[in-house]
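Q: Please read through the structure below; I'll follow up with questions.
What follows draws every value from the coordinates through simple rules; no lab data is involved. None of these values were measured; they are calculated from a predicted model. Please note: Cβ atoms are built from the backbone with ideal geometry, for glycine as well, and neighbour counts cover all protein chains shown.
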Amino acid sequence: MQATLHCLTGCAIGEVLGMILGTALGLHNGATVVLSVALAFVFGYALTMRGVLRAGLPVRRAVKVALAADTVSILVMELIDNTVMVTVPGAMDAGLGNALFWAALAGSLALAFVLTVPVNRWMIARGRGHAVVHAHHRH
């Protein structure tokens, strides 16, 4: 759950920022989703890299660790999150001042968290995902 919460933090920052920017700029729903997913990956990887860089890994190795640790988790989370956002009628077009937009976004992130926990549990049990990161944390 801790690994998924870590992933959710990066994904949520990127997802919310992307949805806000896309909606505020009047981007098409597809462009808003692409922006949100891209930012979720950027922030997700950045949070992981911050920790492993602090542990003393060089940048190139930190990038590899972040890619190995977070790619599947972020991908699953973003797939679920954005599927919810585009399938809730009117959510993507509701606008930033509408409770439907925010409720759908919060619900999509909560569902993404719940459904990504088993994915992360499976990967960690096999020495993948965030298990890669834990090898580099200072104790």
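Q: Ranked from highest to lowest mean number of other Cβ atoms within 10 Å per residue, what is the order of the peptides 91-99, 118-126?
A: With the highest mean Cβ count within 10 Å placed first, the list reads 118-126, 91-99.
Q: Which value results when the Cα radius of gyration for the stretch 1-76 is divided by 2.2 N^0.38 Å?
A: 1.17
Q: I've got another one for you. Using a 10 angstrom cutoff on alpha carbons, build the Gaussian network for the chain and name the most mobile of ALA55, ALA69, ALA38.
A: Among ALA55, ALA69, ALA38, the largest mean-square fluctuation in the Gaussian network model of the chain belongs to ALA55.
Q: Once the Cβ-Cβ distance between LEU96 and VAL34 is put in as r, and R0 is 25 Å, what FRET efficiency do you end up with, to the nearest 0.05?
A: 0.85
Q: Once phi is turned into θ = phi - 60°, what whole-Hz ³J(HN,Hα) does the Karplus curve with 6.51, -1.76 and 1.60 give for every residue of the stretch 75-86, x standing for Gly and Pro?
A: 4, 4, 4, 5, 4, 5, 4, 6, 4, 4, 4, 7
Q: Count charges around ALA40 for me, please; just the other residues with Cβ under 11 Å from its Cβ, Lys/Arg as +1, Asp/Glu as -1.
A: Summing Lys/Arg as +1 and Asp/Glu as -1 gives -4.
Q: Same structure, new question: Report the normalised scattering of the chain as log10 I(q)/I(0) at q = 0.09, 0.12, 0.18, 0.20 Å⁻¹, calculated by the Debye formula with identical scatterers on the alpha carbons.
A: -0.28, -0.47, -0.91, -1.05
Q: Still on this structure, I have one more. To test your reading of the geometry: what angle, between 0 and 90 degrees and rounded to tens, separates the Cα axis of helix 2-24 from the longest principal axis of the chain?
A: 30 degrees
Q: Let me ask something else. Compute a Gaussian network model of the chain, connecting alpha carbons closer than 10 Å, and tell me which residue from GLY18, GLY107, GLY30 fluctuates the most.
A: For the chain, modelled as a Gaussian network with Cα springs under 10 Å, the answer is GLY30.
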